[in-house]
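Worksheet: one structure, shown below.
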Amino acid sequence: MAFAVEQALRRLDDSVREDARAAIESLLPEHGDWSDLLQLSLQGFLWYHLPTKWLTSSAHHHEMARALGDLFEAGGLDRYASLCRSAETHELIDLRHRDPQEARRRFRTLMTDSGVDPPDTPALTWGPIQGVAEYSACLHVSAVLEAAVVDGALVPGRRGWRTVAATVTDRAIRGPHPAGTHSSLLVSVEDERRGDWLVELRGRTLLPDDVSAALAEQLARPPVDGELSSVATSLEPLAWFLGQVGAGLTLTERGHLPRRLVLDADERYNWFELKPQFSVRTERDLLELTIIHQLARDARLVTLNRRRLSISARGRAALSDEQSLVRAVLAAIFDPTTWAGDAAVGTAVSLVSSRSVTRPSRDELDVALHHYLRSRWRPGASELTVTDVRGAYRVLLHAGRAFDWFAPEERGVWDRAPALTAIGRSASLLGLAAVARAPRR
């Protein structure tokens, strides 16, 4: 321990000194000083580590918290001393022993309400599992938030304080990296997540190193001029659909779109391929429209109340902001937490990283997709087989065809994998980049 900490320990009574020493050694690194302390770390120790990791009685946990408070008082850290002695701290210690599940909920509430736990922002959602760079960024932002609390610029509980905390956080993660290793904390976190994702990808899909490196380079680059706009333009059928939903429309008793809208879609996009022998009757006759309808629901661009379908606030915002629309659609299609979304991720990886001069066959795509999915998905107690993944990318395929992300099928060619258009490749790379930047779970 640093000299100032040892001095404060010597000022304590013999009855509390050892408990205080054990607690501060858990909080501070070797030779650490008061300046190495953070309120966030102290809260984590008092509200989680002490009552759950220290195998002793509840009474001793209370004694250690009070002893640590005495140490902080002796060192002139009155704010930290008050936290060690607060009613919230000791109530939570009791709750940990009495009702662990309720204690976890209370812990999250207290951490959030403290004002020093970095909140999510539009630019960054903090992950429950953090790498070294993300954890360091979180601690740095917490120190900035704590300084704002001390200065009075951020007052937890005051009206609008959460907006202030989000603004402080966003400024800190976008500002210069404190160590100078990256342009910003945000870039360091995204680089780490992307690297971890690619390492996992190599293990799951057996991507050669040169292909993985090329994919990493493509995912790291920002969108080139016009790329986002081109992808947004390709989503016109979805934007048209949201406009048709408008203030609301009533679904049929079977939950399908009204026939008027189905006929309008067929007339506009000519998706029905069985003319003139047959005519369009219901939404199920237009697979692209069915996919767009489901995609709008998955992306929360529309809301359903009984049989009434209405555009949501998020949908209205997306219609007026092309970037929001692109983000919402790509997040819904390339969602690795769902079977269809993870299959879309694996399919996009295979298609954009293919080194073959000719398109891979459908069988080759199925084998590559099987490599990708088999480590994460199991049908019951059995192993995932290649047969299980056939057609798993149908949502991406049909949505992509509605948006012209895939080239039309060549007549007489049925055994080749779908071919990405230039816009489809851009959309796939944007979707994969978002997956790679997402928090690890």
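The condition of being among the aliphatic types (A, V, I, L, M), over 21 Å from residue 87 (Cα atoms) and part of a helix (DSSP H, G or I) holds for only one of 59, 8, 20, that being 8. Determine if segment 311-322 includes at least one residue that is out of contact with any Leu (no Cβ under 6 Å at 6 or more places or on another chain), surrounded by fewer than 12 Cβ atoms within 10 Å (Cβ to Cβ) and in a loop (DSSP other than H, G, I, E, B). Checking segment 311-322: not a single residue is out of contact with any Leu (no Cβ under 6 Å at 6 or more places or on another chain), surrounded by fewer than 12 Cβ atoms within 10 Å (Cβ to Cβ) and in a loop (DSSP other than H, G, I, E, B).
Select, from 290, 337, 303, the only residue that is part of a helix (DSSP H, G or I) and either open to solvent by less than 30 Å² (accessible area, probe 1.4 Å) or at pLDDT 90 or above (or both). Can you show your working first?
Working: 337 fails: part of a helix (DSSP H, G or I); 303 fails: part of a helix (DSSP H, G or I).
The match here is 290.
Just one of (1) more than 22 Å from the chain's Cα centre (by Cα); (2) modelled with pLDDT under 95 fails for residue 182. It is (1). Of all residues in segment 362-410, those being under 20 Å from residue 292 (Cβ atoms) and in contact with a strand residue (DSSP E or B) (Cβ under 8 Å, 6 or more places away or on another chain) number 5.
I'd like the residue in segment 220-254 that is open to solvent by less than 30 Å² (accessible area, probe 1.4 Å) and not in a helix (DSSP H, G or I) and, out of all such residues, is nearest to residue 429 (Cα to Cα). Selected residue: 235. Per the listing 63, 91, 134, the residue uniquely open to solvent by 70 Å² or more (accessible area, probe 1.4 Å) and under 34 Å from the mean Cα position of the chain (by Cα) is 91. Here is the figure for segment 386-417: residues that are outside any helix (DSSP H, G or I), open to solvent by 60 Å² or more (accessible area, probe 1.4 Å), free of Cβ contacts under 8 Å to residues at least 24 places away in the same chain and touching a Pro at 6+ places or on another chain (Cβ under 9 Å) total 1. Is it the case that some residue within segment 149-159 is open to solvent by 30 Å² or more (accessible area, probe 1.4 Å), in a helix (DSSP H, G or I) and either over 18 Å from residue 39 (Cβ atoms) or in contact with a helix residue (DSSP H, G or I) (Cβ under 9 Å, 6 or more places away or on another chain) (or both)? Yes; the residues of segment 149-159 include at least one that is open to solvent by 30 Å² or more (accessible area, probe 1.4 Å), in a helix (DSSP H, G or I) and either over 18 Å from residue 39 (Cβ atoms) or in contact with a helix residue (DSSP H, G or I) (Cβ under 9 Å, 6 or more places away or on another chain) (or both). For segment 97-116, a residue qualifies if it is in contact with a Leu (Cβ under 9 Å, 6 or more places away or on another chain), outside any loop (DSSP other than H, G, I, E, B) and open to solvent by less than 50 Å² (accessible area, probe 1.4 Å), and the qualifying residues are 103, 107, 110, 111. The single residue among 141, 164, 189 that is in a helix (DSSP H, G or I), touching a Ser or Thr at 6+ places or on another chain (Cβ under 8 Å) and among the hydrophobic types (A, V, I, L, M, F, W, C) turns out to be 141. Exactly one residue out of 127, 157, 175 is at pLDDT below 95 and within 21 Å of residue 195 (Cα to Cα): that is 127.
Determine, yes or no, whether residue 31 is assigned to a helix (DSSP H, G or I) and open to solvent by 40 Å² or more (accessible area, probe 1.4 Å). Give the steps one after another, and end with the answer.
Numbers: assigned to a helix (DSSP H, G or I): no; open to solvent by 40 Å² or more (accessible area, probe 1.4 Å): yes.
No, not satisfied.
Here residue 129 meets the list (1) open to solvent by less than 30 Å² (accessible area, probe 1.4 Å); (2) out of contact with any Asp or Glu (no Cβ under 9 Å at 6 or more places or on another chain) almost entirely, failing just condition (1).
The values are calculated or read from the model by the stated rules, or taken from the named source; none is laboratory data. Note that the coordinates shown come from a computational prediction; the quantities given were computed from them, not determined experimentally. When we count neighbours, we look across all protein chains shown, and the Cβ atoms used for this are built from the backbone with ideal geometry, even at glycine. For accessibility, only protein heavy atoms count, side chains too; no ligands or nucleic acids. Shrake-Rupley method; radii C 1.70, N 1.55, O 1.52, S 1.80 Å.
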